[in-house]
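See structure below.
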Amino acid sequence: MKSSAVVNFAPEKGSVEIREILEPEIGENDVLLEVANVGVCGSDLHQWTADHSWPVNYPVVLGHEFGGHIVKLGSEVKNWKEGDRVVSETAAVIDANNPLSRQGLYNLDPTRKGFGYGVNGAMTRFVRVPARCLHQVPDGLPFEQACLTEPCSVAYNATVINSSIKPGDRVIVIGPGTIGILCAAMAKLCGAEVAIVGLETDQERLNIGNSYGCTPIVGDATAWSQEYDGLGVDCVIDAAGVSATLQMALKYVRPNGQITKVGWGPKPLNFSLDPLVQKNVRLQGSFSHNWPIWEKVLHLLAAGTLDVKPIIGGVWKLEDWHTAFEQMHSGKVVKSILKPN
Ligand SMILES: [Zn+2]
């Protein structure tokens, strides 16, 4: 049986189309998951517009933010059954014997391959998922929200694990995309006072940041960063899709503060990093997430402590992927979601 899939077939810009693909065969440690919802990620857009900086295994089905029902189980799969409501982590292929995997940081295993670029992703009806990637979706949490566990986990890792934010800290988040807004929401949960910074064209997305209790700022956040004691903010989370914003972050951060960079931007920079030294600032990258983070995020979503509804801009059928991508790419919506079935 064949199903429609959103396929990224070549490295050239715009090389995405609907193709008919066969139902994937599963291995003994895999399940076959029938996709209920799949979020469109900034990285899906980057592959579509060909400004990504990671290797893609063409042709590949896009989509790594997904959830659905288990419809088939491999012979060695234990503790799961047909009909279970699940979401899947993104590290589809890992080396279990890599030292990083063995300490639970399989997301940082250099040989890791993720859904949507390394192996076929979830913008289709059925996806093959290793059972170790699965998490149970709590009853009452709809898939439209549960499929956003992935970007929430990216934000949790950047904000809670890789940054040290204490109640009363002041935090600036640069970039009001999905990850930026979710980082801002997480920083609020950590007890910080938070501003979210974007461009003139980001007004609507900044307003959504505002609905999470964050101060929206268009353009220059220097004045906000200097409020309180004139020294800058405790932490800057850089979630913009360009790396030049690191220069802004160096300006806003206070001496002995921290910058966490979670946004990708492949272009080289041409400014001095001396302020990093002079201010004794910690520069921290943040990538992906692992098992304990997913469990925490699912708990936050199920409890309603973290509400992702404000960022959901719409749900589109698979055939309408282009509209869903376009709406998000133009900044009209923060997060587009597809419904393959
Ligand atoms: Zn993503």
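Taking all Cα pairs closer than 8 Å and separated by 6 or more residues, the relative contact order of the range 1-104 comes to 27 percent. Here the Debye sum runs over all C-alpha atoms of the range 12-67 as equal scatterers in vacuum, and log10 of I(q)/I(0) at q = 0.18, 0.21, 0.29 Å⁻¹ comes out as -0.77, -0.98, -1.30. Evaluated at q = 0.08, 0.12, 0.13, 0.15 Å⁻¹, a Debye calculation over the C-alpha positions of the chain (equal weights, vacuum) places log10 I(q)/I(0) at -0.37, -0.83, -0.97, -1.27. To the nearest 10, the accessible area of His64 is 20 Å² with a 1.4 Å probe. Using heavy atoms of the protein chains and a probe of 1.4 Å, the accessible area assigned to Thr215 is about 60 Å². Think of it as helices only: each DSSP H run of n ≥ 4 in the chain is worth -39500 (n - 2.57), and spread over all residues that comes to -6500 deg cm²/dmol at 222 nm. The relative contact order of the chain comes to 17 percent, based on Cα pairs under 8 Å that sit 6 or more residues apart.
Beyond 19 Å, what share of the Cα-Cα pairs of the range 1-118 is found? Please give it as a whole percent. It works out to 54 percent of all Cα pairs. Under 5 Å from the amide H of Asp84 lie the amide H atoms of Ile70, each residue being 5 or more positions distant or on a separate chain, with H modelled from the backbone and absent for Pro and chain starts. The fraction of accessible area contributed by carbon and sulfur in the range 1-69 is 51 percent, rounded to a whole number (1.4 Å probe; ligands and nucleic acids excluded). Expressed as a whole percent, the accessible area of the range 194-291 that falls on carbon and sulfur atoms is 55 (1.4 Å probe).
Close amide H pairs (under 5 Å, H built 1.01 Å from N) link Cys235 with Arg170, Ile172, Gln258, residues at least 5 positions away or on another chain.
Summarising the strand pairing of the chain, around 55 percent of its internal DSSP beta bridges are antiparallel.
Between Lys2 and Gln136, the C-beta separation translates, for a Förster distance of 35 Å, into a calculated FRET efficiency of about 0.70.
Excluding ligands, DNA and RNA, the accessible surface per residue across the range 202-341 is 49 Å² with a 1.4 Å probe. Evaluating 6.51 cos²θ - 1.76 cosθ + 1.60 at θ = phi - 60° for every residue in the range 116-127, the Karplus couplings come out as x, 9, x, 9, 4, x, 10, 7, 6, 6, 10, 9 Hz, glycine and proline recorded as x.
Normalising the average separation of contacting C-alpha pairs (under 8 angstrom, six or more residues apart) by the number of residues puts the relative contact order of the range 101-220 at 16 percent. Computed from the C-alpha gyration tensor, the three semi-axes of the ellipsoid equivalent to the range 29-178 are 25, 19, 18 Å, from longest to shortest. Based on alpha carbons, the Rg and Dmax found for the range 125-191 are 14.5, 46 Å.
In order along the range 64-76, the phi-based Karplus estimate (6.51 cos²θ - 1.76 cosθ + 1.60, θ = phi - 60°) of 3J(HN,Hα) comes to 10, 10, 8, x, x, 9, 6, 10, 7, 10, x, 4, 9 Hz; Gly and Pro are listed as x. Taking label points 7 Å from Cα along the Cα-to-Cβ direction, Asp51 and Glu295 give a separation of 3.9 nm. Rolling a 1.4 angstrom probe over the protein heavy atoms with all chains in place gives the range 1-154 an accessible area of 42 Å² per residue. Full extension of the chain segment joining Glu12 with Glu82 gains 21.3 nm, where the gain is 0.36 nm per residue of separation less the Cα-Cα distance.
Put simply, the amide H of Gly67, placed in the peptide plane, has neighbours under 5 Å in Ala36, Asn37, leaving out anything fewer than 5 places away on its chain.
Against the criterion of solvent-accessible heavy-atom surface with a 1.4 angstrom probe, Phe287, Phe115 sort, most first, into Phe287, Phe115. The average projected area of the range 258-303, computed from the convex hull of its Cα atoms over all directions, is 5.0 nm².
When the solvent-accessible area of the range 122-162 is split by element, carbon and sulfur atoms take up 45 percent of it, the probe being 1.4 Å.
The values are calculated or read from the model by the stated rules, or taken from the named source; none is laboratory data. These figures come from a predicted structure and were not determined experimentally. Ideal geometry is used to build each Cβ from the backbone, glycine not excepted, and the neighbour counts take in all protein chains shown. Areas reflect the complete protein model, heavy atoms only, side chains present, ligands, DNA and RNA absent. Shrake-Rupley method; radii C 1.70, N 1.55, O 1.52, S 1.80 Å.
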